[in-house]
Amino acid sequence: MTMTFADLSLAPALLRALAEEGYTKPTPIQAQSIPMLLEGRDVLGMAQTGTGKTAAFALPLLHRLAVVPRLAPKRGARVLVLAPTRELASQIADGFERLGRHLTLSVTTIFGGVSQFHQVNALKTGVDIIVATPGRLLDLISQDLCDLSQLEALVLDEADQMLDMGFAKPIERIVATLPKDRHTLLFSATMPKSIAALATSLLRDPAKVEIAPPSTTVARIEQSVMFINAADKKTALVALLRTPGIGQAVVFTLQKNIANEVCAFITAAGITADALHGNKSQSQRERALDAFRAGSVQVLVATDIAARGIDVDTVTHVFNHDLPSLAESYVHRIGRTGRAGRSGFAITLCDAEQRAWLREVEREIGSTLTVQADHQWHSEAARHSTMRAPVLGGGPAKQIKPEKQRERKIWTEEQKRAARATARTVLETV
Ligand code: AMP
């Protein structure tokens, strides 16, 4: 028998919101986590976005806030969710607002890159739920503008990414200000030793929930590659975007300027598009994402940095205008489609120069991509290219600076961490 949300004994106001959202049955992570969270158990969840993870923690926390009504503590909150990027924080807050729409609960986001004025104001009277990135939150705590000593529940979302981005210390310092007696949830897409150690230090006898390792979600995505000359990419992309059956699409480029160029090119071809990258202001990014979510923009052209957390269920296609210079970004990119149980398509445009990066991607995912050769731009030269991957930011002859800072073809763990820290700085400061 399939479980329904009603079987989970959630508050009627939540069941109403779920029905309005069109969620008919819990996703596996929801079915597994919600009962344990309602019992008050700490949970260690291994799951990535796209699995319904946000509702898996938002629903039981909202339920608890609703059935145990209490005034939110001044300058503080009842629930704190920590997330790595402001995009993700906004999405989580949005999830709480949507699911909690029939409850009178307040939700506030706290992240860097914007004035702290409104955040501090919202905090003054206390809020029920804070969704924050660690840097700015710690900043407000240090200024005595935020006091979380009355907190009831803490969620760390995408904990692996937070550690990768250098948030270990800020998290530790935030946690030191929280009551020991609290409900703690930790979600992570991967479980390296550092996360296991963090879990041990934060969680009490946690229930472990492991859902859909990335490959399972990725398995729903039909992936293929087109070998093509670099000069043909934009034209081919426009033709692909005009193919019947393509709904909304995310196009990935290596650099900000290419994102702008591609965006201008497809806009000139009559396709609605917007670019999303680290040079855009917070309000520009929000406007672009809102328009995309609302469906008034069909295509988002994004760099890797800006794309984390683009969470729009109606994305049917991901196009890689460029291969990512970091193989693991490929999986994150294509995960923008195939969400919420839907299928999706990921088409990669590979030129001779990026052929080496494709090999790294194929090594990372453990399989080769299906080659689409039946098109007018097919290039056997690109397909069989043995060119070395571009040296990013290096050599006078070839100067490619991806948004993620200077990269080398093969990254050490140290370099990856440094680049992610830079990514965070970009995200926190633009
Ligand atoms: P998340 O893993 O939280 O990023 O969720 C991915 C997407 O799944 C969200 O955008 C939700 O709209 C959708 N979703 C979450 N739970 C359900 C559900 N039970 N049924 C259908 N869609 C859902």
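Each Lys and Arg adds +1 at its Cβ and each Asp and Glu adds -1 at its Cβ; summed about the Cα centre, the chain shows a dipole of about 460 debye. Think of the chain as having a plus end and a minus end, set by charges on the Cβ of Lys, Arg, Asp and Glu; of 109, 26, 184, 109 sits farthest toward the positive end of this dipole. A cut-off of 5 Å between modelled amide H atoms, ignoring neighbours fewer than 5 places along the same chain, links residue 110 with 131, 132, 133. First check a/c for the chain, with a ≥ b ≥ c the square roots of the eigenvalues of its C-alpha gyration tensor; if it is under 1.5, answer rounded, and if not, answer prolate when a/b is larger than b/c or oblate otherwise. Prolate, since a/c reaches 1.5 and a/b exceeds b/c. If you plug the beta carbon distance of residue 364 and residue 70 into 1/(1 + (r/R0)^6) with R0 = 45 Å, you get a FRET efficiency near 0.45. Indicate the gyration tensor shape class of region 216-329 (rounded, prolate or oblate), computed on the Cα atoms with a ≥ b ≥ c the square roots of the eigenvalues: a/c under 1.5 is rounded; otherwise a/b larger than b/c is prolate and the rest oblate. Note, shape of region 216-329 comes out rounded. Whole-Hz Karplus values for region 6-21 come out as 4, 4, 8, 6, 7, 4, x, 4, 6, 4, 5, 4, 4, 5, 5, 6 Hz, taken residue by residue from phi with 6.51 cos²θ - 1.76 cosθ + 1.60 and θ = phi - 60°; glycine and proline positions read x. Within a straight-line Cα-Cα reach of under 19 Å, residue 233 can be paired with the following aspartates and glutamates, leaving aside sequence neighbours fewer than 8 residues apart in one chain: 261, 274, 304, 322, 351, 353, 374, 380. Measuring against 24 Å, Cα to Cα, the residue pairs 169/193; 234/280; 53/234; 124/169; 193/256 contain 53/234; 124/169; 193/256 as the ones spanning a longer distance. Counting heavy atoms of the protein chains alone, residue 97 has an accessible area of about 90 Å² for a 1.4 Å probe. Rounded to the nearest percent, how much of the accessible area of the chain (1.4 Å probe, protein heavy atoms only) is carbon and sulfur? That share works out to 53 percent. In this structure the amide hydrogen of residue 207, modeled in the peptide plane, comes within under 5 Å of the amide hydrogens of 42, 43, 44, none closer than 5 places in sequence on its chain. Look at the dipole of the chain built from charges on Cβ: of 349, 248, 301, the Cα furthest out on the positive end belongs to 301. For residue 346, nonlocal amide neighbours, meaning residues 5 or more places apart or on other chains whose placed amide H falls under 5 Å from its own, are 222, 223, 224, 318.
Sequentially through region 241-254, phi angles give Karplus couplings (6.51, -1.76, 1.60; θ = phi - 60°) of 5, 8, 4, x, x, 8, x, 8, 9, 10, 10, 9, 10, 7 Hz, Gly and Pro residues having no value and appearing as x. For the modelled label position 7 Å from the Cα of residue 222 along Cα-to-Cβ, which residues of region 364-393 have backbone nitrogen atoms closer than 16 Å? It comes to 369-375, nothing else. This model, with +1 at the C-beta of Lys and Arg and -1 at the C-beta of Asp and Glu, gives region 189-280 a dipole about its Cα centre of some 140 debye. Solvent-accessible surface of the chain, averaged per residue with a 1.4 angstrom probe and all protein chains in place: 42 square angstrom. With θ taken as phi - 60° and the Karplus curve 6.51 cos²θ - 1.76 cosθ + 1.60 applied, the whole-hertz 3J(HN,Hα) list for region 136-143 is 5, 4, 4, 4, 5, 5, 5, 7 Hz, x standing for glycine and proline.
By how many degrees, between 0 and 90 and to the nearest 10, does the Cα long axis of helix 282-294 differ from the longest principal axis of the chain? The two axes meet at around 80 degrees.
The values are calculated or read from the model by the stated rules, or taken from the named source; none is laboratory data. Everything numeric here is computed off the predicted structure, so don't read it as measured data. Backbone-built Cβ (ideal geometry, glycine too); neighbour counts: all protein chains shown. Heads up: the accessible areas ignore ligands, DNA and RNA and are worked out on the full protein's heavy atoms, side chains in. Shrake-Rupley method; radii C 1.70, N 1.55, O 1.52, S 1.80 Å.
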